[in-house]
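See structure below.
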Amino acid sequence: MSVYLYLSLIPEALIASMLSPEEFGVYYAVGSKKKSSGQAIFFQVNPEFRSKYFRIQEGLARCVPHEDGAPKASIYISVYRVLEHVPIAELGKLYVVTQDGRTLGLEHSEEFPVNDAGLHLYKEIAPVTPLIASRLNAADFFDLIVRNPTSLVTLPAVAFTELRLGALATDPVLGQAGDLPYTNMDHLREVLLDLKTKSVATKMVDRINPTSFSYRTVKNGFYVGNENGLRYYPMPSSEVLRTQHYRWWRSANM
Amino acid sequence: MDKFWLYLSVGASILSIGVALYLFFWVKKQPEGSPKAKEVASWIRDGSRTYLKRLYRTLILVVLILGFLIAIVFSFDLSKISTSQVAVVPINGLMMSVSFILGALCSAVAGYLGMSVAVEANVRTATAANESINKAFRLSFYAGSVMGLAMVGLAVLGMSVIFLITKDAESILGFSFGASTLALLAKAGGGIYTKTADIAADLVGKVEVGIPEDDPRNPAVVADNVGDNVGDVAGMGADIFDSYVAAVVAVMILGASSSRLGLNYVVLPLIICSLGILASLIGIQFVRVGKNGKPGPALNRGTVITTIIFAIMVTAFVLITSVNLGVIWATITGLGAGVVIGITSDYFTSDDRKPVFRTAEVSHSGAAINIITGFSYGLASIVPSVIGIALATLLAYYLAEINGLAGIYGIGISAVGMLSISGMIVSADAYGPIVDNARGIAEMSGMDHHVIETTDVLDAAGNTAKAITKGFSISAAALTVLALFAAYAEVVTASGVQLNMSLREPIVVAGVFLGLMTPPLFSALTMLSVTENAFAMIEEIRRQFRDRPGILAGTETPDYDACVDMAAKGSLSSLLWPALIAVGLPLLIGFVLGPNALGGFLGGSIFSGVIFALFMSNAGGLWDNAKKYIEAGNFGGPGSDAHKASVVGDTVGDPFKDTAGPSLNTLITVMSLVASLFAPLIAAFHLF
């Protein structure tokens, strides 16, 4: 049996497993008798990857089948400061898993989305989880918090996604919220209005934002980066998801 | 004239049954689809049949016991029972008993046939949806028509044959009582079953675990789909069968007891029903999805065309046969009331109208505000319907009187007029659960996304038809029980007791209060049954998820039978008290407090029953559609705070609209029939 390495973002962890990415997604989301469950996002990591920060070899040695022959589902190698110590080049596909275990694999893209006018809303996924509104596009936002911070707050690495703002991106006051499910919409409108009227690039919307979020609110994809670079994992369009990944799409739209 | 028209009624009913059987076999000839689809359909089919067999086994016992009691009671010449010159006429008891059993049997056969075709048509509709929406719509609607046409055919055939044999309108009371007894248990039992499974499946599957509707990993998904068949097909069919027969028998009794009317007016309701059958048979041909592929307008077109054809037929019949012109006005009044109540249901449950929109809009303030808003609109929805019923009552009464017809007879005719197009109405109603099931089968058997989306479109039209049918059946029941109430008064008066219904009489006031109390009590019992059974099923679903993680991982198949079995046992065991209330309470009031109190009791139960039924059906539909409106991407869409609040409102509304609400019209019909049937005995023997 093959042994895989996974970098989980919710929660941040490096895990060895004998389950394939799809099997691991189901296991990780819906749990076992231990009742762990919930949305999951993880990268497949190059199985040859080794680092002085992690006892990977020891973890792989423990990842052996159970006595009944069943594959070992998970051996946690590290649960702390994982993202910053895994080089971006070692990351493979990104898997986004719904709370009921439907798994969708995303390839990274060399092309970044076209910058659009209007405000942005970023959901940081790891290592911290705040919700940030910004005037900056994704690359500039990443630059601000990882590479060239202008404030005391900085991160060695970050995984985040941009969430849809719809009409609020250009008109925070009168724009229709439509199907945006965010809580405390009035506060979000105030924050966005501040970005329009004051000379600040980013503002915190919610500092203790829940780790999970609705996939249907993802604007165009996921970003992961450290001081060496930024990588983009585009999300297929809703039409492609509906027609080619219907089960995942339906679960993601719950 | 009467014999000819009676034979015509028999002919029309046989034609209706024949077309139903033809469509039944036509549906069975259509391709079933993939082995997986067939397997999923077989789970639903087996669950539905098992439940119905259990229900009917219980009912056989109830029917035989009641039939035996009726045979004994009616073997005495009740018209002379107060004169101490009691004559024993066993043939009378036997006839009434046979009539009672026949009524229950016809209702059961119609329900079983309707449900049998529904569980055959669901998988075929899903398979047809893979080809085109037109094909899927035609198949599902024709399958629904089997229920509609079989129901009206069996009802008219049964009543016509009994009248041809006995020449006595009162003997059809037994037929009606049999149909009502079965309807009460089928409707309440089916309602408890369907909502038990629906609520349990949603609360654990959707809310706790986060799996979508109709996901095969949910252990209650088969029970949920079975519930659609036993509640919405067999239950609703039995319910309308009951109102249909009760309306006819009430008018026949009024016709027979009125010295101003001849024999023609006794068989007139049967003739009107026969014209309704013919109009429905024609109207069904116009139900086709056009190039725009919209099933909702197709169903509405069928109903409108049937109504127009029926109105023309009645007018022509009245003019040709020189029947009193008041019949035309009364019939049109009934049809008008049906339209008003249909529009009201549509207004209060459509997402493009203010009530649903506002209920959805306020949901972001929480579940409490959602519930208060929906509750308030539900209460407000009573107003136009009640005004419609009141207007129909007054218009039918006075237009009949102006034309020289007994006013109360006019009210009865308006109920018959409204119910005569039941063939079409029930066809549209039974279509709903068939496409709902088709959607479930498509989802569970892993069919392509476009099949699911096609069945979604079909399902949306089914939900609207369902809401309209509920309004229709409640208003029809309201007018029917008014006629039954008059029939009760006639029978009591004929037994030598002068009915005094003055509200200055304390015994009448007591009766009114007890009557007012009964529908809320009945609602409470049926809804508590839902919550108790759902509570047990929720634990079972959680247990399966907890003990067998492979279910959620998709590597193990859930134990569907466990939930199916729990829902069936739970719903049947919950029927005892509701049934006792329906049959026992009128007898208790009658024998203890007397016929005047019983009159007050019937009046009270009719008024609060209609109010509660309208309120519960409309409020439940409103909450349901407010949730769907949010799920369509408004006010935050799925997963938003507003959505979570609307899910709570929808769950509260589920037993309102599908368990208690639609069972209340059956309750008031059963109680009115029990009172009418036992009126001579109560007139002779009562404590006060």
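The values are calculated or read from the model by the stated rules, or taken from the named source; none is laboratory data. Keep in mind it's a predicted model, so treat the numbers as computed, not measured. Quick reminder, even Gly has a Cβ in these numbers, built from the backbone with ideal geometry, and neighbours come from all protein chains shown.
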- Item | Of residues in the range B:365-376 being surrounded by 22 or more Cβ atoms within 10 Å (Cβ to Cβ) and in contact (Cβ under 8 Å) with a residue 60 or more places away in the chain, the one nearest to B:ASN463 (Cα to Cα) | B:GLY374
- Query: Is it the case that A:ASP143 is part of a helix (DSSP H, G or I), touching a strand residue (DSSP E or B) at 6+ places or on another chain (Cβ under 9 Å), surrounded by fewer than 18 Cβ atoms within 10 Å (Cβ to Cβ) and not hydrophobic (A, V, I, L, M, F, W, C)?
  - Reply: yes
- Note on the structure: The lone condition A:LYS34 fails out of (1) closer than 30 Å to A:LEU155 by Cα; (2) surrounded by fewer than 20 Cβ atoms within 10 Å (Cβ to Cβ); (3) modelled with pLDDT under 95 is (1)
- Query: With respect to the numbered conditions (1) without any contact (Cβ under 8 Å) to a residue 40 or more places away in the chain; (2) out of contact with any Lys or Arg (no Cβ under 8 Å at 6 or more places or on another chain), which one is the sole condition not fulfilled by A:MET235?
  - Reply: (1)
- Message: Residue under question is B:ASP650, and the condition is that it be closer than 29 Å to B:GLY366 by Cβ and in contact with a Pro (Cβ under 9 Å, 6 or more places away or on another chain); does it hold?
- Response: no
- Task: Within the range B:345-361, work out how many residues are crowded, with 24+ Cβ neighbours inside 10 Å and either not aromatic (Phe, Trp, Tyr) or not in a helix (DSSP H, G or I) (or both).
- Result: 6
- Query: Residues in the range A:161-206 that are in contact with a Lys or Arg (Cβ under 6 Å, 6 or more places away or on another chain) and of a type in the set (A, V, I, L, M, F, W, C): how many?
  - Reply: 4
- Counting only residues that are among the charged types (D, E, K, R) and touching a Pro at 6+ places or on another chain (Cβ under 9 Å), which one in the range B:544-560 is farthest from the other protein chains (Cβ to nearest Cβ)? B:ASP559
- Message: Please determine whether any residue of the range B:273-286 is surrounded by 18 or more Cβ atoms within 10 Å (Cβ to Cβ), within 18 Å of B:ALA461 (Cβ to Cβ) and not basic (Lys, Arg).
- Response: yes
- So B:ASP641, is it crowded, with 22+ Cβ neighbours inside 10 Å and of a type outside the set (A, V, I, L, M): no
- From the option list B:VAL207, B:VAL226, single residue qualifying as of a type in the set (A, V, I, L, M) and either in contact with an Asp or Glu (Cβ under 6 Å, 6 or more places away or on another chain) or within 14 Å of chain A (Cβ to nearest Cβ) (or both) is B:VAL207
- Answer yes if at least one residue in the range B:373-384 is assigned to a helix (DSSP H, G or I) and at pLDDT below 90, and no otherwise. yes
- For residues that are within 14 Å of chain A (Cβ to nearest Cβ) and out of contact with any Asp or Glu (no Cβ under 9 Å at 6 or more places or on another chain), tally how many sit in the range B:452-474. 3
- May I ask you to verify whether B:PHE100 is touching a helix residue (DSSP H, G or I) at 6+ places or on another chain (Cβ under 9 Å) and in contact (Cβ under 8 Å) with a residue 60 or more places away in the chain? yes
- Query: Looking at (1) outside any helix (DSSP H, G or I); (2) under 27 Å from B:VAL161 (Cβ atoms), can you tell me which one B:ALA71 breaks?
  - Reply: (1)
- Condition broken by B:GLU490, with the remaining ones in (1) more than 22 Å from B:SER176 (Cβ to Cβ); (2) more than 14 Å from chain A (Cβ to nearest Cβ) satisfied: (1)
- List the number of the failed condition for A:LEU193; all other conditions in (1) free of Cβ contacts under 8 Å to residues at least 24 places away in the same chain; (2) out of contact with any Pro (no Cβ under 7 Å at 6 or more places or on another chain) hold. (2)
- Item | Candidate set from the range A:146-170 (those that are over 23 Å from A:LYS196 (Cβ atoms) and outside any loop (DSSP other than H, G, I, E, B)); member that is modelled with the lowest pLDDT | A:ARG147
- Boolean, A:VAL96 is farther than 23 Å from A:ARG189 by Cβ and either assigned to a loop (DSSP other than H, G, I, E, B) or in the same structural domain as A:VAL224 (by TED's automatic domain parsing) (or both): no
- Message: Can you list the helices (runs of 4 or more DSSP H) lying wholly within the range B:575-688 that have 1 or more residues being over 26 Å from the mean Cα position of the chain (by Cα) and touching a residue at least 60 places away in the same chain (Cβ under 8 Å)?
- Response: B:576-593, B:595-631, B:641-655, B:679-684
- Can you work out which of the residues in the range A:158-174 that are within 14 Å of chain B (Cβ to nearest Cβ) and in contact (Cβ under 8 Å) with a residue 12 or more places away in the chain is surrounded by the most Cβ atoms within 10 Å (Cβ to Cβ)? A:LEU168
